[in-house]
Amino acid sequence: MSTTNRQTVSYLNRRFRQVGLEPNKRHGQNFLIDLNLVRMIADTGDIGPADAVLEIGTGTGSLTAMMAEKAGLVVTVEIDEHLHQLAKEELESFGNVRMLLQDALRNKNNLSPAVLAPLLEWVQGSPGRRYKLVANLPYNVATPIISNLLMLDVPPALIAVTIQKELGDRIMAKPSTKDYSALSVWVQAVCDVQMVRVLPPNVFWPAPKVDSAIMRIEPIEERRRAIPDLGFFHTFVRSLFFHRRKFLRSVLVSAFKEQLSKPEVDAVLAGISYFTPTTRAEELSVGQIQELSEAFRQTVKRT
Ligand code: SAM
């Protein structure tokens with residue numbers, strides 16, 4: 001069956017009934033029923049023959065098929081055995097689609113090595129090749145998937161995904177706003193971020209309770225290189241926002257209690273021009289947090 005017929009409410013209803021299935025909330029099963037929007041996700045991914053695409057959540061395979069027409073390789077991962085089987089029938093004719101039946105995450109902090117292996121193999125196969133994440137992501141795992149991909153030595157060239165709008169707002173948030181968080185700082189420090197389109201609930205079946213958004217997140221190599229230790233920075237940012245309403249000094253004293261004494265923390269802060277006793281992490285810009293992280297990293301390294 002063509003992609004066009006495959007992603008309507010009546011098709012999905014009928015197909016699910018045939019196999020005795022109900023969409024599973026726990027797995028974030030909300031399927032896009034507007035083909036133009038499925039195409040918009042694929043177009044945001046700007047997919048070409050040098051690209052391997054990672055799709056997390058094969059679903060019925062409609063986005064997969066669209067991407068397979070343009071990509072060198074599509075690695076698509078589905079946790080639900082019934083959907084995997086259903087999509088398999090639809091995707092059989094594509095020689096460049098690798099379907100994995102598994103959880104895309106090994107645990108909260110790591111993507112599954114079996115998912116990453118074919119992508120890294122593809123990238124290493126010839127110069128100019130890259131991989132991208134293009135997906136209508138299951139919302140419950142969107143944050144760890146995006147965060148963890150950006151931690152890798154070889155990050156994706158691009159992330160084009162549908163996520164909850166609320167999460168998109170958090171990723172894009174500016175200092176001193178309620179949405180500004182560790183995720184905002186972490187993603188903005190290493191990527192350009194854009195909200196491409198807000199999607200109302202009724203373009204999905206079943207309709208979720210909240211708006212969604214198509215996001216374009218582009219990792220920028222120079223920004224990554226400007227952060228000498230990504231792992232340290234990631235942990236530093238998370239600890240800054242763990243108690244976001246506390247004053248910065250007290251957050252830092254407790255974050256470094258195993259490594260630095262209070263006078264040592266104060267000595268680092270004395271060299272930070274924008275620090276005052278009432279500064280809170282949520283007021284600092286991404287650049288200021290990077291500077292602060294580096295000052296602490298250097299000090300911890302010396303002690
Ligand atoms: N791509 C389809 C579409 O656009 O209609 C489906 C998107 S739906 C939002 C998310 C899909 O991800 C579901 O099919 C769900 O079963 C699958 N999924 C949920 N958690 C997953 C996980 N941890 N690993 C792999 N797939 C997962």
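The values are calculated or read from the model by the stated rules, or taken from the named source; none is laboratory data. In this text the structure is predicted, and so the values were computed from the model without any measurement. Counting neighbours? That spans all protein chains shown, and the Cβs are built from the backbone with ideal geometry, glycine included. Ligands, DNA and RNA are stripped out before the accessible areas are found, and what is left, the full protein with its side chains, is counted by its heavy atoms. Shrake-Rupley method; radii C 1.70, N 1.55, O 1.52, S 1.80 Å.
What to note about this one:
- Among the protein heavy atoms of region 3-225, carbon and sulfur supply 48% of the accessible surface, probe 1.4 Å, non-protein parts ignored.
- Table column - 3J(HN,Hα) (Hz), region 190-200, Karplus curve with 6.51, -1.76, 1.60, x for Gly and Pro: 10, 9, 8, 10, 9, 8, 7, 6, 8, 10, x
- Accessible-area order (highest first, 1.4 angstrom probe) of the listed residues Y139, Y180: Y139, Y180
- Region 76-212: antiparallel DSSP beta bridges as a percent of all, rounded to 5: 35 percent
- Accessible surface of F31, taken over heavy atoms with a 1.4 Å probe and every protein chain present, rounds to 10 Å².
- Solvent exposure ordering (accessible area, 1.4 Å, most first) of R280, R39, R245: R245, R39, R280
- Accessible area (Å², 1.4 Å probe, nearest 10) - T279: 10 Å²
- For the chain, accessible area per residue (1.4 Å probe, heavy atoms of protein chains only), Å²: 46 Å²
- Over all other residues within a Cβ to Cβ distance under 10 Å of G45, the charged ones net out to -1, with Lys and Arg as +1 and Asp and Glu as -1.
- Sites listed here are trypsin sites (Lys or Arg not before Pro) in region 144-231 whose DSSP assignment is loop and whose Cβ has at most 16 other Cβ atoms within 10 Å: K178, K209.
- Cα-derived Rg over Rh, computed across the chain with Rh taken as Kirkwood radius: 1.03
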